[in-house]
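Worksheet: one structure, shown below.
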Amino acid sequence: MPFLMELSFLTLFVEVDTIMLESNEGGAEMNKREAYGKLVEDARKFYQEQDESSFLMPLDETFGVCKEINLYTYWQGRGYAETTPEIKYLLVGQDWGNPYSAPKTFQDRIRQIISGKDLPYISDEKKMDSGFQTDKNLIELFRHLGYEIAQQQYDELFFTNFCLGYRRKESSRGMKKELMNNDRERFRELCIILQPKNILCLGRMSFECVYKALVKGSRIPYKGYMKYIEEHPQIKADPAYGGGVIYPLAHCGSLGIRNRPLEQQIKDWKWVGETSMQ
């Protein structure tokens with residue numbers, strides 16, 4: 001009889017412990033969901049308060065209210081708040097650019113996606129209707145990590161830009177780190193929420209901003225960025241931000257591939273794939 005009572009108590013303890021665990025996990029998911037929503041709203045308000053002479057602006061109202069942290073998140077990461085999945089790869093670009101620099105057909109599809117329609121971010125890989133060389137090359141580079149991102153969405157991928165504002169002008173030049181660092185705390189908060197295992201930084205400015213935001217000591221550890229990429233450094237974010245591995249990578253846009261051709265960049269991404277699987 002005492003044995004049966006002890007067994008019953010043990011069973012009850014395990015059941016209660018399981019319920020508490022499930023409750024805690026549910027609470028964590030709810031906290032992530034709420035934190036992400038607040039972060040999106042905070043970024044929106046910050047750029048809405050910028051005057052019309054500033055380099056950056058909020059997403060134009062004609063596109064609708066962006067429910068993600070960045071337009072890039074509608075490519076990979078869309079609906080994160082609904083399921084709060086584990087993020088294996090967080091891609092961090094510099095900034096999205098000017099929304100009106102994209103072809104009109106792409107602008108119209110972005111408006112439809114923001115309105116809630118389940119459409120792919122890229123509708124035709126061959127025609128590359130987003131109009132950005134970066135997007136075309138990213139499709140190729142992600143293949144070397146095992147993903148077909150042209151029209152497929154993956155729960156474990158999340159795309160954003162470090163700078164969460166949008167350019168008023170269509171020029172690809174003019175971005176400064178001081179402007180990007182206005183979003184440093186928001187980027188840190190995003191990493192606290194996502195806890196990404198691997199952080200892929202597109203280009204020198206993106207890497208330096210990510211490094212300063214997530215690594216203690218934060219002294220940029222190189223003189224030449226391309227040489228630094230080839231050294232395959234092992235960099236980890238502070239545990240508070242998930243402790244993920246930070247990868248310095250060349251930008252894969254038209255200017256970036258002049259400095260580091262796509263063939264070399266493919267080798268870099270293959271190395272990322274090999275090391276992140278270990």
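Consider residue 5 carefully, then state whether it is loosely packed, with under 10 Cβ neighbours inside 10 Å and either modelled with pLDDT under 95 or not in a helix (DSSP H, G or I) (or both). Please lay out each step first, then the result.
Details: loosely packed, with under 10 Cβ neighbours inside 10 Å: yes; either modelled with pLDDT under 95 or not in a helix (DSSP H, G or I) (or both): yes.
Here the answer is yes, as residue 5 does meet what is asked.
Name the residues in the range 43-60 that are of a type outside the set (Lys, Arg), outside any loop (DSSP other than H, G, I, E, B) and crowded, with 16+ Cβ neighbours inside 10 Å, would you? Outline the logic, then answer.
Filtering the range 43-60 for residues of a type outside the set (Lys, Arg) gives 43, 46-60.
Among the residues that remain, those that are also outside any loop (DSSP other than H, G, I, E, B) are: 43, 46-48, 56-57.
Passing the criteria: 43, 46, 47, 56, 57.
Within the range 234-267, take every residue that is under 18 Å from residue 196 (Cβ atoms) and touching a Phe, Trp or Tyr at 6+ places or on another chain (Cβ under 8 Å) and give me the one that is surrounded by the most Cβ atoms within 10 Å (Cβ to Cβ). Write out each step before concluding.
Looking only at the range 234-267, we keep the residues that are under 18 Å from residue 196 (Cβ atoms), and these are 234-249.
The next check asks that each one be touching a Phe, Trp or Tyr at 6+ places or on another chain (Cβ under 8 Å); those that pass are 235, 246, 248-249.
Numbers: 235: 17, 246: 23, 248: 26, 249: 24.
Out of the qualifying residues, it is 248.
When only residues in the range 27-68 that are of a type in the set (S, T, N, Q) and within 24 Å of residue 108 (Cα to Cα) count, which is modelled with the highest pLDDT? Walk me through how you get there before you give the answer.
We begin by selecting, within the range 27-68, every residue of a type in the set (S, T, N, Q); these are 31, 48, 50, 53-54, 62.
Keeping just the survivors that are within 24 Å of residue 108 (Cα to Cα) gives 48, 62.
Details: 48: 93, 62: 84.
The qualifying residue modelled with the highest pLDDT is 48.
Restricting the first residue to the range 235-252 and requiring it to be touching a residue at least 60 places away in the same chain (Cβ under 8 Å) and closer than 13 Å to residue 205 by Cα, which pairs with a second residue that is among the basic types (Lys, Arg) and surrounded by fewer than 16 Cβ atoms within 10 Å (Cβ to Cβ) meet a Cβ separation below 9 Å and a spacing of at least six or different chains?
From residues that are touching a residue at least 60 places away in the same chain (Cβ under 8 Å) and closer than 13 Å to residue 205 by Cα, there are no pairs.
List the residue pairs whose Cβ atoms are under 6 Å apart, where the first residue sits in the range 121-140 and is in contact (Cβ under 8 Å) with a residue 24 or more places away in the chain, the second is in a loop (DSSP other than H, G, I, E, B) and among the acidic types (Asp, Glu), and the two are 6 or more positions apart or on different chains.
If the second residue must be in a loop (DSSP other than H, G, I, E, B) and among the acidic types (Asp, Glu), the pairs left are 123/129.
Could you please find all residues in the range 117-141 being in a loop (DSSP other than H, G, I, E, B), hydrophobic (A, V, I, L, M, F, W, C) and touching a helix residue (DSSP H, G or I) at 6+ places or on another chain (Cβ under 7 Å)?
Let us first name the residues in the range 117-141 that are in a loop (DSSP other than H, G, I, E, B), namely 117-132.
Filter once more, keeping what is hydrophobic (A, V, I, L, M, F, W, C): 119, 122, 128, 132.
Correct list: 119, 122, 128.
Step by step: first the residues of the range 73-116, then only those that are assigned to a loop (DSSP other than H, G, I, E, B) and β-branched (Val, Ile, Thr), then the one that is surrounded by the fewest Cβ atoms within 10 Å (Cβ to Cβ). Which residue is that? Break it down stepwise before answering.
Of the range 73-116, the ones assigned to a loop (DSSP other than H, G, I, E, B) are 75-79, 84-88, 94-98, 102-103, 115-116.
Those still in the list that are β-branched (Val, Ile, Thr) too: 84, 87.
Details: 84: 19, 87: 24.
Looking at residues that are assigned to a loop (DSSP other than H, G, I, E, B) and β-branched (Val, Ile, Thr), I get 84.
Quick one: which residue in 173, 167 is farther than 14 Å from residue 90 by Cα, without any contact (Cβ under 8 Å) to a residue 24 or more places away in the chain and more than 14 Å from the chain's Cα centre (by Cα)? Write out each step before concluding.
On the way: 167 fails: without any contact (Cβ under 8 Å) to a residue 24 or more places away in the chain.
It is 173.
Against the definition (touching a residue at least 40 places away in the same chain (Cβ under 8 Å), in contact with a helix residue (DSSP H, G or I) (Cβ under 9 Å, 6 or more places away or on another chain) and under 27 Å from residue 155 (Cβ atoms)), how does residue 91 come out, yes or no? First the steps, then the outcome.
Values: touching a residue at least 40 places away in the same chain (Cβ under 8 Å): yes; in contact with a helix residue (DSSP H, G or I) (Cβ under 9 Å, 6 or more places away or on another chain): yes; under 27 Å from residue 155 (Cβ atoms): yes.
When the stated conditions are applied, residue 91 passes them.
The values are calculated or read from the model by the stated rules, or taken from the named source; none is laboratory data. Remember, predicted model here, so these are calculated numbers, not experimental data. Neighbour counts are summed over all protein chains in view; Cβ atoms, including those assigned to glycine, are modelled from backbone coordinates with ideal geometry.
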